[in-house]
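The values are calculated or read from the model by the stated rules, or taken from the named source; none is laboratory data. Computed from a predicted model, the values in this text were never measured in an experiment. Here the Cβ positions follow ideal geometry from the backbone for every residue, glycine too, while neighbour counts run over all protein chains shown. Please note that ligands, DNA and RNA were not included when accessible areas were found on the heavy atoms of the full protein model with its side chains. Shrake-Rupley method; radii C 1.70, N 1.55, O 1.52, S 1.80 Å.
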Amino acid sequence: MRTSPFKADDLVDILTLIFRAAGCADDIAKEVADALVDADLSGHDTHGSRQVDFYVERLKRGEVDGLARPTIESDMGGLVRIGGNRAFGQIAGAFAARLGAERAARDGSCIVCLSGSGHLGRNGRWAEIAADRNVGSLHFGQGIPQSGPVAPHGGREGRLNTNPIALGLPGATPHEPIVLDCATSAVSGSTIKQAHDRGTSLDTPCLVKTDGTVTADPAAFMAGDAAVMTFGGFKGFGLSVFSEILSTIVATAGDARPSTNSLFSIYFSVEKLMSLGDYGERLAAYRDRVVTCPPLPGVDTVMLPGDRSREARRRAAEWGFTLTADTARHVRRAAEIAGVWEDVAYRCPELRYWGHEPAAGKGDGHDGQR
């Protein structure tokens, strides 16, 4: 696959231009662009810039509103409901995370229910926002009200959604949070779509076909002939059940809307539970005990959750950002839909050398969500 060295700030500018042309307010366009490129830099490119044409299509269909902003619907201090109002998930999610972290830092804890937002994207971002305030957090997401692409444990048809979870804690030192961000399905819908676009197989056979056989071929999923399995057998299935109930039923008060995401989050202040000095000292000792474990053959080093994203950002800062041909096709297609292709091509001439049609597909096969 051809690649091109790229400055992350240049890609942010291009995505911002596209979103503004598609009808977003200036600050919303910039924040969404920043979030997508940050996902790329963090190694979560499935939720990064390759989503841009999907987002522009949703803007054109009215499924997300580029001018909308989240609002507080009810406020009981330690329990807050936020209406997403079909705002971009990156906007609504950050609003909810900042509010939840602020309340937890002040009062000790806070539960935040967000409903009716656009696609939330990389959920580890909410945990990072909280950790910056020395607040730990747990996030259970999705909130789509109908059967999805994931098979329950022991089943062979889709009944669940990908139901991502994110967990976060402050680090032993600033800017080193411990963050777990994963789908409860074996892989996310975006990962399957990306593999299909690139013409590759999944790393492991984690798709169950309607005849009960298991495959690693993403084409079976894209054709509607296979469902995704949950990770870890029954354990991942159990986490998926809790995430779906909390996000779809509890966070939305039973009113989950099609083509929206919802999020159930718990925030708690580490500083109110113990001294930050003691926490940092004990966490540093814990980290040392874990990461000094001798690695398996072929593994460079043992890492804690969050370390891989941090290392990916470090490498990007040192060596530059790589724009893949796959991502370039999505960016070009979004620019064409928004009517600013010539402006984008002027800023980034190398985009002209890649085909402009993604390999196929509309999201992960479930209600326009990825």
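Oblate is the label for the stretch 1-136, because the ratio a/c of its alpha-carbon gyration tensor axes (a ≥ b ≥ c) is 1.5 or higher and a/b is not greater than b/c.
A DSSP coil position with no more than 13 other Cβ atoms inside 10 Å describes none of the trypsin sites (Lys or Arg not before Pro) in the stretch 41-72. Computed in the context of the full set of protein chains, the accessible area of the chain at 1.4 Å probe radius has 53% of its extent on carbon or sulfur. For Lys235, a cut-off of 27 angstrom between C-alpha atoms picks up these lysines, skipping any fewer than 8 places away in its own chain: Lys193, Lys209. Counting only the Cα atoms, the chain fills a convex hull of 136 Å³ per residue. The share of Cα pairs per 10 Å bin across the stretch 120-166, counted from zero up to the longest distance, runs 25, 38, 24, 12, 1 percent. Taking a point 7 Å out from the Cα of Arg69 in the direction of its Cβ, the residues of the stretch 93-109 whose backbone N falls within less than 20 Å of it are 93-103.
Once the mean of 1/r is taken over each pair of separate Cα atoms and inverted, the stretch 308-357 shows a Kirkwood hydrodynamic radius of 12.0 Å. Give me the one-decimal Kirkwood hydrodynamic radius in Å for the stretch 219-309, with the sum taken over alpha-carbon pairs. Over the stretch 219-309, the inverse of the mean reciprocal pair distance is 17.9 Å. I want to verify the translational diffusion coefficient of the stretch 137-245 in µm²/s; compute it with Stokes-Einstein, Rh as the Kirkwood radius over Cα pairs, at 20 °C and 1.002 mPa s. Reported coefficient: 149 µm²/s.
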